[in-house]
1. Find the residue count for the stretch 78-109, including only residues that are exposed (fewer than 11 other Cβ atoms within 10 Å of the Cβ) and in contact (Cβ under 8 Å) with a residue 24 or more places away in the chain.
2. In the stretch 113-127, what residues are open to solvent by less than 80 Å² (accessible area, probe 1.4 Å) and either touching a residue at least 60 places away in the same chain (Cβ under 8 Å) or more than 18 Å from ASP82 (Cβ to Cβ) (or both)?
3. Kindly indicate which of PHE16, PHE8 is surrounded by 10 or more Cβ atoms within 10 Å (Cβ to Cβ) and either assigned to a helix (DSSP H, G or I) or at pLDDT below 80 (or both).
4. Taking the conditions exactly as written (touching a helix residue (DSSP H, G or I) at 6+ places or on another chain (Cβ under 7 Å) and either open to solvent by less than 80 Å² (accessible area, probe 1.4 Å) or touching a residue at least 12 places away in the same chain (Cβ under 8 Å) (or both)), does LEU146 satisfy them or not?
5. Here is a list: THR65, THR55. Which entry is assigned to a helix (DSSP H, G or I), at pLDDT 75 or above and not charged (D, E, K, R)?
Amino acid sequence: MGDQLEKFIINNRGEFDNDSPSDKVWSSIDQKLGKKRAEWSTIWKVVAVLFMVSTIILVIDKGITKMDEGPVLSDEFNQAEDYYVTLISQRKQAIKEQLTPEQQEEFLTEIDQLDSMYLELKDTYQTNASNDRIMDAMISNLQLRLDILNKQLDILQNIKNQDNENDISIEI
């Protein structure tokens, strides 16, 4: 069926192309498009100017930020930070799975306080000249958070084991 239609169109192409709209139709279309073109032309000009201005602002801001950046943390510290952050997030997830929503909120509030203290230390380190004491405090904060999370997991595991022992003794 498709082949017959295609052959028909090819054979009668001249007849399809014969007719064209009158000049009146074309002038009406041109008038309507002319108005739209003018509107879109203005819009595109405004968009182009805004794009250029925002690009210039971002480039200038990035240049200023690079000049204002404090000392960069060492690769060794970044590796240690990644290690602790990964362990902390794993422990948080393990604890969340064992707590009710109310318990999660209460526990995570305390951990979030340590998180905010860490961010303050990091800000202090980057705004002031690099200070080994601040870096040590940052590492200590990460270790403290990990220790707290590990202890909490141990407590939850002990509670779970006691519940299991109680269930077994009740069945006997």
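The values are calculated or read from the model by the stated rules, or taken from the named source; none is laboratory data. Since the structure is predicted, the reported quantities are computational estimates derived from the model, not experimental observations. A quick note on method: Cβ atoms are made from the backbone with ideal geometry, for glycine too, and the neighbour counts reach across all protein chains shown. Protein only, heavy atoms only, side chains kept; ligands, DNA and RNA dropped before computing areas. Shrake-Rupley method; radii C 1.70, N 1.55, O 1.52, S 1.80 Å.
1. 0
2. SER116, THR124
3. It is PHE8.
4. Considered against the rule, which asks whether it is touching a helix residue (DSSP H, G or I) at 6+ places or on another chain (Cβ under 7 Å) and either open to solvent by less than 80 Å² (accessible area, probe 1.4 Å) or touching a residue at least 12 places away in the same chain (Cβ under 8 Å) (or both), LEU146 comes out as yes.
5. Within the list THR65, THR55, the selection yields THR55.
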